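The values are calculated or read from the model by the stated rules, or taken from the named source; none is laboratory data. All values derive from a computational prediction rather than experimental measurement. Quick reminder, even Gly has a Cβ in these numbers, built from the backbone with ideal geometry, and neighbours come from all protein chains shown.
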Amino acid sequence: MSFYLGLDSSTQSLSAIVLEVDGDLRRVAFESAIAFDEAFPQYGTRHGVLPSGDPTTAASPPLMWVDALEVMMTRLQRSGLDLRRLSAISGSAQQHGSVYLNARATAAFGSFDPGRPLAEQIRPLLSRDVAPIWMDSSTSVECAEIENAVGGDQALAQRTGSRAFERFTAAQIRKFSKREPSAYAATDRIHLVSSFLASLLVGRHAPMDPGDGSGTNLMDLASCEWWPPAVGSTAPGLAAKLPPIARASTVVGTLSEYWQRRFGLPAANVVAWSGDNPCSLVGVGLVREGRLAISLGTSDTVFGLMREPRVDRTGTGHVFGAPTGDYMGLTCFKNGSLAREQIRDEFGLSWSTFSESLRRTPAGNGGRIMLPWFEPEITPTVLTPGVRRYGLDPGDADGNVRAVVEGQQMAMALHSRWMQVTVDSIHATGGAAANRDILQVMADVFGAVVYQLPVGNSAALGAALRAFHGSATADGAAIAWDDIVRGFVEPLAQGALSPDPVRRATYQELIDVYAACEAHALGHGPDPSTRLAEFASARD
Ligand code: XUL
């Protein structure tokens, strides 16, 4: 019998899942989560992000993630599990965020003092106090500079899987190197959140995996190596500051002395960490092509496995490496859970009264539409935030609840068309996937059967399954992914949500009107009022 630990360092919290595998017996033996704002008020974060006067910048304190890792290990130590059986650990982290370390880090990593908290030992090793994260959209200038230098957006997308995006690590590094050249010069190593946390566990610089590497705009998707033209166009001397890239199943080391002595943990294998979306792909069981998953978390994401990289020519989506060695298509929306919460709070609702509002209102909302851009949006690119309402009274609670949910679902359906996946079923995950009224709108908008999954946190589950896979294949054994995920990711057939044909037809019509509103709001389409009125009168 063995235990496998999966950690997920997301925007707002650190979660852990321990899987027990004993032949055919498979179960979740431990689950825990730490919300950053509540557990570590001393860092002053809101939803895990440092306050900023500029809505386009977003950063978090890396030391808060370190503190969370220690608190989680304490919880594990007190869990009552026989941790001598902990075989392997892997992790998931919010993508794109970067951590900057000085030249002292390399030597210090191997000799942490188990008598002292880790954060205070990491503090002098940072060449930058904060880590820019995926919610940052302040680097449009740097994006344009990088694209121009490598021969344009299509050239960058063909090589790296994405055109330049503001939150991707390359643009963030470039901005830092321009604004703070001496701090950049003092930077010896730049990690992603995933490879930073993996490094702390093994006590030396850990490599990045191709899944998270492809969120940098710096990795050649075909070879899974850094792409010199992109690296050279981003910042001086960058090649020497990047860790190597290793396959996602690589055992990058064993748990260092620090964790063994401070928390009584064994020298378990540590498998390369990855991004939350690549981990979720495994955690929802998408180890084959032909299905989509939708994660309703801080960000809402639509993703699916691809055998071949079909790069999005419209510049909306991304192709990342998948933990299975394949690829994954992904489109990311920034206005996810925080937008839903904003409407819930604005009208003094609970999740249950939010659901009642959804049940009281008709599909299509009588042609009242919301573009839910509370924060700057990633898809489509909206740098100046502001909710846009069409025919919708800002004071109408029921109408706004339906409008935010429909707006999010229609945006996801519209902007995932590039993946060319015929969607007949969707695996739903993330916090809001517990809400069946939201999932019914998803089923009706996509015309697909929506399944809930037994384990809610697919990123932490995916990380634990990756720990299992990496350690099972470490000695060269071949083991199919289907065998790894078996017993953990089977969707709950009972209670699957099927699309209703009449509501589906409504949304097939409405999605074009939604697209017209979007084009109008972005300044490249006519006023959609007539189309909205036609849609509404057809339903009177
Ligand atoms: C994906 C993205 C987000 C973060 C959230 O490209 O930016 O989904 O990974 O944690």
Revision key, fill the gap. Of the residues in segment 88-116, those that are within 26 Å of the chain's Cα centre (by Cα) and away from the ligand (no atom under 16 Å from the Cβ) number 5
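Mind listing whichever residues of segment 229-253 are among the β-branched types (V, I, T) and assigned to a loop (DSSP other than H, G, I, E, B)? Walk me through how you get there before you give the answer.
Residues of segment 229-253 among the β-branched types (V, I, T): 231, 234, 245, 250-252.
Answer for segment 229-253, where residues must be among the β-branched types (V, I, T) and assigned to a loop (DSSP other than H, G, I, E, B): just T250.
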Practice item. Just need a number here: residues in segment 119-178 that are surrounded by 21 or more Cβ atoms within 10 Å (Cβ to Cβ) and without any contact (Cβ under 8 Å) to a residue 24 or more places away in the chain. Key: 1
**Study point:** Residue that is nearest to L238 (Cα to Cα), among those in segment 131-158 that are more than 16 Å from the ligand (Cβ to nearest atom) and touching a Ser or Thr at 6+ places or on another chain (Cβ under 7 Å)
**Key:** I146
Review point. What pairs can you find where one residue is in segment 262-276 and among the charged types (D, E, K, R), the other is more than 16 Å from the ligand (Cβ to nearest atom) and outside any strand (DSSP E or B), and their Cβ atoms are less than 7 Å apart, with a gap of 6+ or different chains?
Key: R262/P114
Revision key, fill the gap. For S182, the lone unmet condition from (1) surrounded by fewer than 24 Cβ atoms within 10 Å (Cβ to Cβ); (2) in contact with a helix residue (DSSP H, G or I) (Cβ under 8 Å, 6 or more places away or on another chain) is (2)
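Got a number for residues in segment 145-175 being among the hydrophobic types (A, V, I, L, M, F, W, C), in a helix (DSSP H, G or I) and over 26 Å from D8 (Cβ atoms)? Walk me through it before giving the result.
Here is the first cut: in segment 145-175, the residues among the hydrophobic types (A, V, I, L, M, F, W, C) are 146, 149-150, 155-157, 164-165, 168, 170-171, 173.
Restricting the remaining residues to those that are in a helix (DSSP H, G or I) gives 146, 149-150, 155-157, 170-171, 173.
Subset that is over 26 Å from D8 (Cβ atoms): 146, 149-150, 155-157.
Matching residues across segment 145-175 total 6.
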Review point. If we keep just the residues of segment 391-435 that are within 17 Å of G304 (Cα to Cα) and of a type in the set (S, T, N, Q), which is modelled with the lowest pLDDT?
Key: T422
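Residue-by-condition table, conditions (1) within 24 Å of P499 (Cα to Cα); (2) assigned to a helix (DSSP H, G or I); (3) over 20 Å from the mean Cα position of the chain (by Cα); (4) not acidic (D, E):
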| site | (1), (2), (3), (4) |
| --- | --- |
| L392 | no, no, yes, yes |
| V401 | yes, yes, yes, yes |
| M412 | yes, yes, no, yes |
| L439 | yes, yes, no, yes |
| A460 | no, yes, no, yes |
| F468 | no, yes, yes, yes |
| D483 | no, yes, yes, no |
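Tally up the residues in segment 481-505 that are out of contact with any helix residue (DSSP H, G or I) (no Cβ under 8 Å at 6 or more places or on another chain) and surrounded by 19 or more Cβ atoms within 10 Å (Cβ to Cβ), please. Before the answer, list the steps.
Keep residues of segment 481-505 that are out of contact with any helix residue (DSSP H, G or I) (no Cβ under 8 Å at 6 or more places or on another chain), which gives 482-483, 486-487, 490-494, 496, 501-502, 505.
Add one more test, that the residue is surrounded by 19 or more Cβ atoms within 10 Å (Cβ to Cβ), and what stays is 491.
Residues meeting the conditions: 1.
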Review point. If you check every pair at least six apart or on different chains, which have Cβ atoms under 9 Å apart with a residue in segment 323-336 that is over 19 Å from F168 (Cα atoms) first and a residue that is away from the ligand (no atom under 11 Å from the Cβ) and of a type in the set (S, T, N, Q) second?
Key: P323/S249; G325/S249
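Is there a residue in segment 87-104 that is aliphatic (A, V, I, L, M), under 28 Å from V282 (Cβ atoms) and in a helix (DSSP H, G or I)?
Taking segment 87-104 and keeping what is aliphatic (A, V, I, L, M), we get 88-89, 93, 99, 101, 103.
From what's left, under 28 Å from V282 (Cβ atoms): 88-89, 93, 99.
Applying the additional criterion that residues be in a helix (DSSP H, G or I) yields none.
For segment 87-104, residues aliphatic (A, V, I, L, M), under 28 Å from V282 (Cβ atoms) and in a helix (DSSP H, G or I): absent.
Could you check segment 1-80 for strands (runs of 3 or more DSSP E) lying wholly inside it with 1 or more residues that are surrounded by fewer than 14 Cβ atoms within 10 Å (Cβ to Cβ) and away from the ligand (no atom under 16 Å from the Cβ)? Give the derivation first.
Values: elements: 2-9, 13-22, 25-35.
Correct list: 13-22, 25-35.
Can you confirm whether segment 185-200 contains a residue that is assigned to a helix (DSSP H, G or I), surrounded by fewer than 20 Cβ atoms within 10 Å (Cβ to Cβ) and touching a helix residue (DSSP H, G or I) at 6+ places or on another chain (Cβ under 7 Å)?
The first filter runs over segment 185-200 and keeps only residues assigned to a helix (DSSP H, G or I), leaving 185, 193-200.
With surrounded by fewer than 20 Cβ atoms within 10 Å (Cβ to Cβ) added as a condition, the list becomes 185.
Those still in the list that are touching a helix residue (DSSP H, G or I) at 6+ places or on another chain (Cβ under 7 Å) too: none.
No, segment 185-200 has no match at all.
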Review point. Would you say G161 is on the phi > 0 side of the Ramachandran plot and more than 16 Å from the ligand (Cβ to nearest atom)?
Key: no
**Study point:** Subset of segment 287-336 that is more than 19 Å from V423 (Cα to Cα), β-branched (V, I, T) and crowded, with 20+ Cβ neighbours inside 10 Å - its residue that is nearest to the ligand (Cβ to nearest atom)
**Key:** T298
Revision key, fill the gap. Among (1) on the phi < 0 side of the Ramachandran plot; (2) more than 16 Å from the ligand (Cβ to nearest atom); (3) touching a residue at least 40 places away in the same chain (Cβ under 8 Å), T384 falls short only on (3)
Study note, to complete from the structure: With criteria (1) in contact with a Leu (Cβ under 9 Å, 6 or more places away or on another chain); (2) of a type outside the set (G, A, S); (3) more than 16 Å from the ligand (Cβ to nearest atom); (4) not in a helix (DSSP H, G or I), E356 comes up short on (4)
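Hey, can you tell me all the residues within segment 427-448 that are touching a Lys or Arg at 6+ places or on another chain (Cβ under 7 Å) and either free of Cβ contacts under 8 Å to residues at least 40 places away in the same chain or of a type in the set (A, V, I, L, M) (or both)?
Passing the criteria: only A432.
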Practice item. Would you point out the residue of segment 235-280, among those that are in contact with a helix residue (DSSP H, G or I) (Cβ under 7 Å, 6 or more places away or on another chain) and within 16 Å of the ligand (Cβ to nearest atom), that is nearest to I146 (Cα to Cα)? Key: G275
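Do we find a residue being among the small types (G, A, S) and crowded, with 21+ Cβ neighbours inside 10 Å anywhere in segment 368-388?
Residues of segment 368-388 among the small types (G, A, S): 386.
Remaining after also requiring crowded, with 21+ Cβ neighbours inside 10 Å: none.
For segment 368-388, residues among the small types (G, A, S) and crowded, with 21+ Cβ neighbours inside 10 Å: absent.
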